[in-house]
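Take a look at the structure below.
Each value in this text was obtained by applying a stated rule to the coordinates, not by laboratory testing. Quick caveat, the model's predicted, so the values are computed rather than measured. As a convention, Cβ positions derive from the backbone with ideal geometry for all residues, glycine included, and neighbour counts pool all protein chains shown.
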Amino acid sequence: MDKQLMTFTVNGETVQVAASPTKTLLEVLREELDLTGTKHGCELGHCGACTVLVGGVPILSCLALAIEMQGEAITTIEGMAEGNTLHPLQQAFAECGAAQCGYCTPGFLMSGKWLLDHNLTPSEDEIKAALAGNLCRCTGYTKIIEAVELAATRMRASADATAAG
Amino acid sequence: MLIGKSLPKIDSYAKVTGAARYADDIKLPRMAFGRILRSPHPHARIIRIDTSRARAYPGVLDVITGADLPVKYGIMPTTQDEYPFAVDRVRYVGDPVAAVCAVDEETAEAALELIDVEYERLPALLSIEESLAHEDIKIHDETRRGNVMKEVHLSFGDMEEGFDEADLVREDTYFFEGTTHAAMEQHACVADSGADGKITLWTSTQTPHYIHREVAKVLRMPQSHLRVIVPAVGGGFGGKCEPFAYDFAACLFARRHGRPIKFTLSREEAFLCHRGRHPVKIILKTGVKQDGTITAVHLQTFLDGGAYASYGLATVYYTGALLTVTYKIPRYKFDGMRLYSNKPACGPKRGHGSTQPRYAFECQLDRIAEQLGLDPAAYRKQLAIDPDTTTVNGLRVTSCGLVECVDRVVDSSGWQQRRHHLPVGRGMGMAISSYVTGAGKAIYWNDMPHSGVIVKVDRGGGVAVLCGSSDIGQGSDTMLATVVAEELGVDLLDIRVHAGDTDLTPVDLGSYSSRVTFMAGNAAREAARKLRAWLLEAAGELLDAAPDQLEASARRISVRDAPEHFVSFAEAAQKAEATHGTLSAVGSYTPPKLGGQFKGAGVGISPAYSYTACVAEVEVDPETYDIKVEKLWVAHDCGRALNPTLVAGQIEGSAYMGFGEAIFEEQVFRKGLHKAPSLLEYKLPTIYDTPDIIAMHVETMDREGPYGAKEAGEGPLNPIIPAIANAVYDAIGARVESTPITPDKIARALKEQQRRLAAPGAPKPQPDPARAANRVSQEAPTL
């Protein structure tokens with residue numbers, strides 16, 4: 001099918017891409033924009049590896065047509081750190097050993113970021129609910145849950161410090 | 001001191017930012033894309049392949065078939081029975097038939113439909129029973145008898161005497177269903193070549209050295225002209241231990257066309273590549289004295305190997321080899337048989353071949369303990385082998401923390417206090433296991449080291465570590481950095497690890513058989529210690545002190561008793577380079593000569609064995625028989641935990657994977673078609689399913705392991721499945737003797753039990769004190 005010009009905001013930058021309207025957001029991110037941090041584990045919406053944020057909300061980029069995402073603000077794993085300063089959740093994943101092979105990690109971080117954007121005191125059940133669409137084959141999820149809890153604790157402390165200051 | 005600290009993995013930062021580059025993330029100029037045509041039939045003769053329509057399709061650059069690569073290969077040198085693409089015959093649904101190389105993936109995919117293949121269907125054999133029954137239908141012409149790929153018969157001691165001595169002899173039959181790895185990353189590779197004909201292959205693999213050998217062989221090229229590089233690998237679990245059709249096709253295309261190409265498999269194709277856990281039928285006969293002492297064990301295994309050999313030669317031996325390393329067994333007989341069938345080939349999956357018989361043995365011991373009125377935990381301690389013993393089949397065991405592992409899970413789970421006071425529908429079960437810390441032999445036998453490491457130090461104090469190992473997420477790069485940083489007294493992040501590149505790195509056999517920490521760790525330590533000696537000598541000259549008075553830490557070499565006297569690591573490096581020339585050193589590791597003098601003695605030997613114990617707590621719904629695994633307590637003897645967080649991660653990941661195999665996962669087929677080739681239908685556990693996992697380290701300080709370390713990556717999986725099976729029995733009172741344990745099987749087992757008890761003349765069930773107590777305590781509150 002003929003290519004069409006599409007415009008998005010990805011990680012704060014406005015980008016234009018000429019791509020077939022049949023292309024998924026996942027394909028456009030990885031193949032046209034070289035944002036290969038977003039992974040694919042099934043391309044059927046089963047595994048969550050391709051999770052990105054659209055308007056701050058996690059979606060499965062393998063099930064979204066890129067052309068329907070025009071004008072949206074998209075955040076990928078490449079946009080999670082500020083420069084070289086890691087988001088507290090990224091830092092916690094590194095420290096807790098929550099990333100083993102690392103392939104599911106970007107998807108988990110996107111889902112986890114959404115959770116922490118809305119809830120800095122998540123219960124274990126709330127963490128599980130937020131991450132239930134992401135599969136991990138390495139960790140048994142234990143260290144992933146620990147990492148979200150650690151990041152929430154640190155972000156709370158930081159928010160308290162800001163409020164007090 | 002870095003050993004024993006839970007530092008973040010050196011590659012974590014790349015992995016949490018999306019910067020880690022996996023095979024499918026590689027993009028090269030002029031890169032083409034390949035797709036593979038696979039057999040739609042489980043067994044068929046190929047009458048004709050016509051690729052002309054596909055070749056004519058716009059954008060198609062090449063089509064590769066079996067005729068282009070007519071060289072047999074196989075990961076085990078003596079059982080090479082596979083072609084990259086089918087020659088004459090296809091043997092499973094998914095067997096590669098042809099590859100299309102095109103300007104993009106869509107074009108390649110579309111052109112697959114234009115390849116005309118005429119098949120003559122052949123009868124397909126789809127189970128152990130069918131493969132045994134139909135000797136006339138041969139899946140491989142080369143087999144001596146029917147579809148028997150390998151038969152093993154080993155006997156140690158007088159079995160007749162052993163069973164005569166026994167007061168109780170049990171014979172039970174179990175079936176362990178096949179399962180697959182389902183690593184999150186699908187297999188992928190990129191190959192490139194230039195006018196010199198040399199090829200570079202980036203491939204998602206656990207074993208770059210073996211890929212190097214096999215791909216060079218099939219492409220009939222010198223190994224010196226092929227470079228295999230391992231990018232970041234998105235999980236393996238045993239599924240990426242051998243070359244696949246795409247590796248060969250990519251290299252051939254690159255060489256023919258002088259341009260790069262990428263192959264990325266779909267999730268369904270990853271299921272079809274498989275090489276996962278063998279379905280195994282197990283017949284286990286065990287004799288014990290009245291006090292429970294084992295007098296003899298006879299194990300028979302029948303492995304459903306699928307269409308090709310893969311690692312199956314080793315697998316069949318492994319089903320027999322490791323049963324003896326946990327308990328005192330004075331006489332042992334093993335008969336194993338691996339059969340071909342028309343399904344994707346089975347191979348190694350975490351716990352390679354030892355998982356299935358361990359499940360059977362631990363379930364049977366539970367029954368024996370019950371019959372003899374023994375506590376399952378105390379009974380296992382009673383039977384446990386001692387450290388520094390040799391098993392009846394000639395395996396040398398050194399450090400062994402089995403008893404302590406049992407104690408840890410018993411204490412932490414409240415086994416003694418809680419087990420008899422759980423309400424109906426709740427149960428606790430226990431099991432133990434052991435696993436090799438690296439195979440004692442390479443897959444091709446030779447006298448060379450199993451692992452080599454080069455360490456080089458630059459004038460600025462930077463340290464590079466080169467090793468042919470493959471970090472598949474377990475943290476082997478971090479292990480190498482930790483060992484070298486420990487010896488040289490620098491920071492973990494001062495070390496750059498370059499791993500898995502056959503041009504640059506010395507051979508390491510790969511990330512399989514839980515060998516890397518032990519073998520590459522020892523090699524790295526040897527190399528680093530050579531450099532350390534030079535650096536201390538150089539610093540000693542600068543500080544006017546004897547080297548043995550110095551210590552290296554925090555990027556300094558200082559006088560131990562007067563730490564204010566120091567030189568920086570970089571200063572010492574410059575002085576040492578002035579004396580010795582360019583600073584680099586090599587280290588290597590070769591396992592000691594081990595094992596008996598019989599055919600098959602090469603499988604099961606290992607420089608060390610890890611030990612694990614598990615207690616599982618489950619709840620079974622009394623109406624639906626739905627199983628919920630509430631909690632797993634797992635204690636693992638890993639020798640010494642070099643990085644406790646990473647070891648815990650391996651224990652938790654193993655427990656998770658064992659849990660999935662216990663109650664959900666099965667790689668099964670209907671008329672040759674995979675029943676569940678997707679991550680939705682193949683029920684791998686989600687975050688909601690996965691139980692609480694309590695991982696505990698038992699440290700035994702193995703005397704040959706680096707700093708005392710043994711393995712942690714595979715062993716902890718093995719006791720999980722029988723522990724859950726025993727817990728389900730404890731909860732509901734019926735035994736399911738196959739995996740996965742599912743509600744329908746529980747219903748059948750209960751019905752069968754009722755039928756047996758109701759039969760005229762049936763013996764009255766002996767009231768078991770444990771279960772009686774359980775019933776009495778129905779009203780007791782849960783803890």
What average number of partner chain Cβ atoms lie no more than 10 Å from the Cβ of the residues making up B:686-694?
-> 6
Ranked B:L642, B:L632, B:L112, B:L299, criterion: other C-beta atoms within 10 Å, fewest first = B:L112, B:L299, B:L642, B:L632
Report the residues of the range B:192-213 in range of a label on B:R21: point 7 Å along Cα→C-beta, backbone N strictly under 18 Å from it.
-> B:192-194, B:199-205
Charge dipole of the protein assembly as shown built from unit charges on the beta carbon (Lys, Arg +1; Asp, Glu -1), centred at mean Cα; most positive-end Cα among B:Y656, B:P506, B:L339 is B:L339
Antiparallel DSSP bridges in chain B: what percent, to the nearest 5?
-> 75
Charge dipole of the range B:515-617 built from unit charges on the beta carbon (Lys, Arg +1; Asp, Glu -1), centred at mean Cα; most positive-end Cα among B:G521, B:H565, B:G604 is B:G604
With +1 on the Cβ of every Lys and Arg and -1 on the Cβ of every Asp and Glu, the dipole magnitude of the range B:134-233 about its Cα centre, in debye rounded to the nearest 20, is 1300
Classify the range B:263-325 as rounded, prolate or oblate, taking a ≥ b ≥ c as the square roots of the eigenvalues of its Cα gyration tensor: rounded when a/c is under 1.5, otherwise prolate if a/b is larger than b/c and oblate if not.
-> prolate
Which shape class, rounded, prolate or oblate, goes with the range B:36-154 when its Cα gyration tensor gives a ≥ b ≥ c as root eigenvalues, a/c under 1.5 marks rounded, and past that a/b bigger than b/c marks prolate?
-> prolate
For chain B, what's the relative contact order in percent, using C-alpha pairs closer than 8 Å and at least 6 residues apart?
-> 15
Which value, to two decimals, describes the C-alpha radius of gyration of chain B once divided by 2.2 N^0.38 Å?
-> 0.99
Once both label points are put 7 Å beyond Cα along the C-beta direction, the B:E564-B:V424 separation in nm becomes 7.9
Calculated diffusion of the protein assembly as shown, Stokes-Einstein form, Kirkwood radius summed over Cα pairs, 10 °C and 1.306 mPa s, µm²/s | 55
Least to most buried among B:S52, B:S39, B:S511, B:S412 (fewest other Cβ within 10 Å first) | B:S52, B:S412, B:S39, B:S511
Of the listed pairs A:K143/B:K15; B:K441/B:K710; B:K281/B:K751; B:K281/B:K599; A:K128/B:K631, which have alpha-carbon separations greater than 19 Å here?
-> B:K281/B:K751; B:K281/B:K599
Total charge dipole magnitude, the range B:473-567, about the Cα centre, Cβ charges on Lys, Arg, Asp, Glu only, Debye to nearest 20 = 240
Counted neighbours (other Cβ, 10 Å), sorted fewest up, put B:L480, B:L132 in the order B:L132, B:L480
Which one of A:A19, B:A481, B:Q300 has its Cα pushed farthest toward the positive end of the charge dipole of the protein assembly as shown, where Lys and Arg give +1 and Asp and Glu give -1 at the Cβ?
-> B:Q300
Taking a label point 7 Å from the Cα of B:Q371 along Cα-to-Cβ, the residues of the range B:271-287 whose backbone nitrogen sits under 14 Å from it are B:284-287
For B:K575, counting only lysines whose alpha-carbon sits under 23 Å away and dropping same-chain residues fewer than eight positions off, the answer is B:K456, B:K530
For B:V668 and A:T121, FRET efficiency with R0 = 45 Å and r from the beta-carbon atoms, rounded to 0.05?
-> 0.55
Dividing the alpha-carbon radius of gyration of the range A:88-164 by 2.2 N^0.38 Å, where N counts its residues, gives 1.04
Apply the Debye scattering formula to the range B:451-589, with a single equal point scatterer on each alpha-carbon and no solvent, then give log10 I(q)/I(0) at q = 0.20, 0.22 Å⁻¹.
-> -1.04, -1.19
Run through the DSSP bridge list for the protein assembly as shown and note the antiparallel percent, rounded to the nearest 5.
-> 80
Average the reciprocal distances over every distinct pair of alpha-carbons in the range A:4-78, invert the result, and give the Kirkwood radius in Å.
-> 11.9
About the Cα centre, charge dipole magnitude for chain B (Lys/Arg +1, Asp/Glu -1 at Cβ), debye | 1100
Compactness ratio of the range B:284-396: Cα Rg over 2.2 N^0.38 Å, N = residue count?
-> 1.16
Sum of -39500 (n - 2.57) over DSSP H runs of 4+, divided by residues of chain B (222 nm, nearest 500) = -8500 deg cm²/dmol
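Once the convex hull of the alpha carbons of the range B:555-656 is built, what does its volume come to per residue, in cubic angstrom?
262
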Set the Förster distance to 45 Å, then compute FRET efficiency between B:R755 and B:I47 from the Cβ-Cβ distance, nearest 0.05.
-> 0.30
